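Colleague: This is the structure I have questions about; it appears just below.
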Amino acid sequence: MATNQIGKPQNRVDGRDKVTGQARYAAEFNVKDLAYGVVVSSAIAKGRIKEMDTSEALRVEGVLEVFTSENRPKLASYDTSFQDEDAPPGSPFRPLFNRDVLFNMQPIALVVAETYELARYAASLVKVEYETEEYATDFEKERPNAYVPEEYKSTTPPDPWGKPETALKEAEHKVAEEYSHPSQHHNPMEMHATTAVWEGDGRITVYDKIQGVLNSQEYIMGVFGLAKEDVRVLSPFVGGAFGSGLRPQYQLFMAVMATLELKRSVRVALTRPQMFSFGHRPKTVQQLSLGAAADGTLEAVVHHVFAETSRFEDYSEDVIIWPGVLYKCDNVKVSHKLVGLDVYTPLDMRAPGGTTGIYALECAIDELSYKVGMDPVEFRLKNYSVRDQNEDKPFSSKELRECYRQGAELFGWKDRKPQPRSMREGHNLIGWGVANGAWEATQKPSGAKAVLTKEGKLTVSSATADIGTGTYTIMSQIAAECMGLPIEAVEFKLGDSSLPQSPLEGGSWTASTVGSAVKLVCEKLGEKLLELAQESDDSPFKEAGIEEVEFTDGQMRLKENSSVAIPLTQLLRDNKKDNIQVEAESKPSDEQENYSPYSHSAVFVEVKVDEDLGTIKVTRVVTAVAGGRILNPKTARSQILGGVVWGIGMALEEESVMDHQYGRFINHDLAEYHVPVNADVHDVEVIFVDEEDSIVNPLGVKGLGEIGIVSVAPAIANAVYHATGKRVRDLPITLDKVM
Ligand code: MOS
């Protein structure tokens, strides 16, 4: 613990590589004889391909092949072979499997040519005749057919507790409203791409855009029947993912299929419009009925969720767990039904279920606070929960009160006038809103490996990913601190299926999961170094236990007597070792079972709404986060800032618009799909409150990838109400809805 790496605002160790273009992404690995594949997308939402004429495309000089369902190689046929680590229950989409069209822009052919331009041109020559069938893409029309899935991908809705209906009826103050938000797409800067390299003898190396190389490797093995040693998947850099890279996408299938068939390296990169042809955040409509006693005690919560899924998989996410997590309430009932549409299966998108479920709940809670006549912060504090009621367990830690206190202070909340429309500046109405949020702080099993050389260089590795979150940096910090080395002496390797196993990078669990594995493997390395020192009989470390030594300044030394010290380089050289290697597998402790681990946040927002035009500007955001120990305040702050910016987008701009005439998301580019730009983002302050948690994992960290977005949209919606007196319960809050 002597180098104080943990908690330091260390710059990204991969920062230089990224800004100088040395960091390579999946479509940037150039190999000899590379061929290029372009995907042909279906023009209809549902039906069958009657005829596909590829002859004209094939006649183009330089076109190598056009793959369709008719000439594709033999594939696995069981669902299980196609089910990846993040697959929901159901029957996964199988590209080119048959002539059926299940959703608009479904990949129906791959044109492979000597150059990308040729492939693209030839793809435009593929002629397709369809037999169209009736399809359903209108959520509201299909909502009456909502169903309870046989199996939930997410938490199964808990049974009701207390007497929600009676409590609701008898409550002094009530809110019963419906909240909704549209489908949204991830839109990472890097579009999905795969470069599959033919190594000869049926072996391939695959550079894929994925949040976990092992998921792609397993998928390839399952679908194409390859042995593990014949497939290596690499993903050293990912240009944003946000969940879009959790499941292997069809460009991976296409590139691998073409490579195996042509025995030649092939790259397939999706276009921006094709980025709208797979997973997205599912639209939900949520009915919330809340009741409170005269004194503001929350008496009842009834939360019914309707959420979009595809026809072939039952996708669900944790939309309904939040009443049991956020507030103490004795009478609660929740349900989660799915609305099947002829679209691709929805997919986890930053804080899946949390951003949407908490949006609705936090708007309803805000409405109730006005009915009770209490300050929205006070009302939330009055109904503060210290137990997870879904699981009936205490939280492992919860410094949310401190979030409210510090957040309110920095924001200046005490100067808020309670009445809507009571604060103004010229013709701008000013609104101040608040919301609180939570996100799971999970630890999963993970492996890691450490190699220390006699030159004093430490390499630690794990098959995890860095999707821009800072994994390279924080893992280097943990290893440097554990071994008492400068960060320059440490290298962290990831994104390679040949490295020790780790789960997908998602769920905000990587700092906790891989961090714990890195800590463990370094502790083992320490033990091994001590053993090595003890091999010689006259060693001053002979009698020392591992708890009596420390690693600092590149040395191992006795805690009680720092003059007894040996540089690690000398220790290896003295023992004629070029290097020393250890591997470790970490897993959550049994103690964690008795607790419920969550991170928490309180978000304060100021909006200015033009009274005449209805335009909304988010002028100030203060977000206070209780996320356990902060490994790196700089990368941590960036995670939260990114979440806040996205929350602004969710509240005011983002919407994947379905054109039911075609059953297609029609605004499928960044000109038409609106996201916040610099001009939309003003003063954003991030606070991390102190939070100690010895239960959550050996590092006390909670993960910050998702908590940042969670309660931003409801805080904005609540601020808009405070400014205007108008409740908009359907996101995004565009000016036409405010006017
Ligand atoms: Mo996250 S939606 O688990 O990448």
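The values are calculated or read from the model by the stated rules, or taken from the named source; none is laboratory data. Owing to the predicted nature of the structure, the values given are computational and were not obtained by experimental measurement. Note: ideal-geometry Cβ built from the backbone for every residue, glycine included; neighbour counts use all protein chains shown. What goes into the accessible areas is simple: the full protein's heavy atoms, side chains included, and nothing from ligands, DNA or RNA. Shrake-Rupley method; radii C 1.70, N 1.55, O 1.52, S 1.80 Å.
Colleague: Rounded to the nearest percent, how much of the accessible area of the chain (1.4 Å probe, protein heavy atoms only) is carbon and sulfur?
Modeller: Reported share for carbon and sulfur atoms: 47 percent.
Colleague: For Arg727, Arg99, Arg24, write out the residues from largest to smallest accessible area, computed with a 1.4 angstrom probe and no ligands counted.
Modeller: Greatest to least solvent exposure: Arg24, Arg99, Arg727.
Colleague: Can you run the Rg to Rh ratio on the chain? Use alpha carbon positions and the Kirkwood inverse-distance Rh.
Modeller: So for the chain, dividing Rg by the Kirkwood Rh gives 1.00.
Colleague: Restricting everything to alpha-carbon atoms, can you work out Rg to Rh for region 523-569 with a Kirkwood hydrodynamic radius?
Modeller: 0.90
Colleague: May I pose another question? List, in order, the whole-Hz ³J(HN,Hα) value for each residue of region 178-187 obtained from phi through the Karplus relation with A = 6.51, B = -1.76, C = 1.60 and θ = phi - 60°; use x for Gly and Pro.
Modeller: So the Karplus estimates, Gly and Pro as x, are 10, 10, 9, 8, x, 5, 9, 10, 5, 6 Hz.
Colleague: In a solvent-free Debye calculation with one equal scatterer on each Cα, what is log10 I(q)/I(0) for region 340-426 at q = 0.12, 0.13, 0.22 Å⁻¹, listed in the order of the q values?
Modeller: Evaluating at q = 0.12, 0.13, 0.22 Å⁻¹ gives log10 I(q)/I(0) of -0.58, -0.66, -1.30.
Colleague: For region 134-260, treating each Cα as an identical point scatterer without solvent, what Debye log10 I(q)/I(0) comes out at q = 0.15, 0.18, 0.20, 0.23 1/Å?
Modeller: The Debye formula, applied to the Cα set alone, gives -0.88, -1.03, -1.13, -1.27.
Colleague: Give me D for region 264-343 in µm² s⁻¹, whole number, from Stokes-Einstein with Rh from the Kirkwood sum over alpha-carbon pairs, 20 °C and 1.002 mPa s.
Modeller: The Stokes-Einstein estimate is 138 µm²/s.
Colleague: Say R0 is 51 Å: what FRET efficiency, to the nearest 0.05, do Arg24 and Asp415 get from their beta-carbon distance?
Modeller: 0.50
Colleague: Among the lysines, select those whose C-alpha is under 19 Å from the C-alpha of Lys371, and discard any that sit fewer than 8 residues away in the same chain.
Modeller: Hits, sequence-local ones excluded: Lys169, Lys174, Lys328, Lys382, Lys417, Lys726.
Colleague: Mind listing the phi-derived Karplus ³J(HN,Hα) values for region 101-107, rounded to whole Hz, using 6.51, -1.76 and 1.60 with θ = phi - 60°, and x for any glycine or proline?
Modeller: Result, rounded to whole Hz: 10, 9, 7, 5, 6, 5, x.
Colleague: Also, quick follow-up: Search the structure for amide H atoms under 5 Å from the amide H of His181, placed 1.01 Å from N in the peptide plane, and list their residues when 5 or more places away or on another chain.
Modeller: Thr284, Leu731
Colleague: Out of every Cα-Cα pair in region 514-628, what percent are more than 18 Å apart?
Modeller: Details: 4453 of 6555 pairs.
Of the Cα pairs, 68 percent sit more than 18 Å apart.
Colleague: Need one number: % antiparallel among DSSP beta bridges in the chain, to the nearest 5.
Modeller: 80 percent
Colleague: While we're on this one: Taking amide H atoms as placed 1.01 Å from N in the peptide plane, list the residues 5 or more away in sequence, or in a different chain, whose amide H sits under 5 Å from that of Lys493.
Modeller: Distant-sequence amide H within range of Lys493: Val460, Ser461, Ser462.
Colleague: A further question on this structure: Mind listing the phi-derived Karplus ³J(HN,Hα) values for region 498-507, rounded to whole Hz, using 6.51, -1.76 and 1.60 with θ = phi - 60°, and x for any glycine or proline?
Modeller: 7, 8, x, 5, 8, x, 3, 7, x, x
Colleague: Then there is this: Taking C-beta distances below 4.7 angstrom as the pairing criterion, name the unpartnered cysteines of the chain, in sequence order.
Modeller: Cys329, Cys363, Cys403
Colleague: Another question, then. For region 525-621, what is the number of Lys pairs with C-alpha distance below 19 angstrom, counting only pairs 8 or more positions apart or on separate chains? Could you put the intermediate results ahead of the total?
Modeller: Values: Lys528/Lys542; Lys528/Lys559; Lys528/Lys576; Lys528/Lys577; Lys542/Lys559; Lys542/Lys576; Lys608/Lys617.
Lysine pair count for region 525-621: 7.
Colleague: Which sequence of Leu704, Leu731 reflects their accessible areas, 1.4 Å probe, from the largest down?
Modeller: Values: Leu704 25, Leu731 5 Å².
If we order Leu704, Leu731 from most to least accessible, we get Leu704, Leu731.
Colleague: Could you please state, rounded to a whole Å, how far the C-alpha centre of region 26-69 is from the C-alpha centre of region 277-326?
Modeller: So the separation of the two Cα centres works out to 41 Å.
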